[in-house]
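Have a look at the structure below, then the notes.
Coordinate-derived values only; no laboratory data. Please read these numbers as outputs of a predicted model, since none were measured by experiment. When we count neighbours, we look across all protein chains shown, and the Cβ atoms used for this are built from the backbone with ideal geometry, even at glycine.
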Amino acid sequence: MKKTLLSLVLVFVSVTSPYICAEDVALKADHPNRYTVADGDTLWDIARMFLTDAWLWPEIWHVNPDIENPHLIYPGDEIVLTYVDGQPQLSVQRGDRSRTQRMTPSQSVRQGDRYHKLQPKVRISPLTSAIPAIPLDAISNLLTTGSIVEQHRLADAPYILSGTADRLIFGPGDELYGRGEWDDDTAVYGIFREGNVYMDPETGEILGFEATQVGAARVMSRSDDIVTLKLTQVNTDVRVGDRLMPTEERRVESTFYPKAPKECVEGVIMTVLGGVTQAGRSAVVVVNRGLQNGLNVGDVLAIYKSGNVARDRMKGDRVRLPAERAGLLMVFSSFDKMAYGLVLETEEPLRIGDVVKSP
């Protein structure tokens, strides 16, 4: 199975929201006028240096037409703040590292053909990679292996019956037997295991079943409903009972456009991945809103802490205090009724049940 994980790059485009203009973008009081990009930076961190709301960067980003790929920012580049007609404008000045090029052949040299004259070509690319939009290591596994499916899809899928060797756990190169209803045209299957079951804490509705890919196997032979497979890839231990489903080339989002949702969205944090109840910066959370609610990849949501309950000594009752904004998250994977989000900013630990809404 071929799986490709692209470097995540945040593209700042000149497409503006009809509700926001440059005049509405607030600069931080202690913002720099120039900043030199360093190794380890992310575009979100740089935006936070200049702006009160980092996701509004596109509103004042100036694309220099004289620079190739001006949306890509490299270590050594300089981010410059200027003013045009009294309005702030950010632009990039290329540093030496982004101009240093690597030349690699795009045509392999033919061996053993003494009469064929080759015209070699080269592909030129920067030695330094563009900085990522967000911490890639926090979500890379979910981008390629995490999926939400209907319950019946896993329950009805073929399963690992046993191995050719007498054991319960398998590794790369092992052969095993699967049983079920098979697609005759499918030669490679992903191996999946049921993960979390997500229930809407507000309505009790089942929103989705997490299917985590633990490996992949290739069909070797078929005999009625029994298929012999060979493990070609293992992400973690593969076990008897794991389900087999046809793999598909899932499109990996390599470009994020930070923006407010087009529709008003309000929900709650259902789960913090990793088996914990609190979340900090770079934590992955699950929210109970998705594509059906107008929540798409790249949408930014504000996070609000539930207000504490205070005792009113004057009236003798208890009252819940208003929710306070405590951070921001960006959706990186959205399904029909739920979505995965990465916490980009937080002032205090976030908890399951905290409210998320359009910023």
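For an R0 of 56 angstrom, estimate the FRET efficiency from the Cβ-Cβ distance between Thr36 and Asp224 and round to the nearest 0.05. Display every interim value, and only then the final one.
Details: r = 66 Å, r/R0 = 1.18.
Computed FRET efficiency for Thr36 and Asp224: 0.25.
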Phi angles of segment 304-316, converted by Karplus (6.51 cos²θ - 1.76 cosθ + 1.60, θ = phi - 60°) into ³J(HN,Hα) in whole Hz with x for Gly and Pro, give 10, 6, 4, x, 5, 8, 10, 8, 8, 6, 6, 9, x
Placing unit charges on C-beta atoms (Lys and Arg positive, Asp and Glu negative, everything else neutral), compute the dipole magnitude of segment 286-359 about its Cα centre in debye, rounded to 20. 420
Measure up Lys305/Lys357; Lys28/Lys357; Lys305/Lys337 against 18 Å on the Cα-Cα distance and list the ones that go over. Lys28/Lys357; Lys305/Lys337
Please list, short to long, the whole-number percent of alpha-carbon pairs of segment 224-359 in consecutive 5 angstrom bins beginning at zero. 2, 9, 16, 16, 13, 11, 10, 8, 6, 4, 2, 1, 1, 0, 0, 0
Can you list the equivalent-ellipsoid semi-axes of segment 141-246, largest first and in whole Å, using the square root of 5 times each Cα gyration tensor eigenvalue? 26, 15, 12
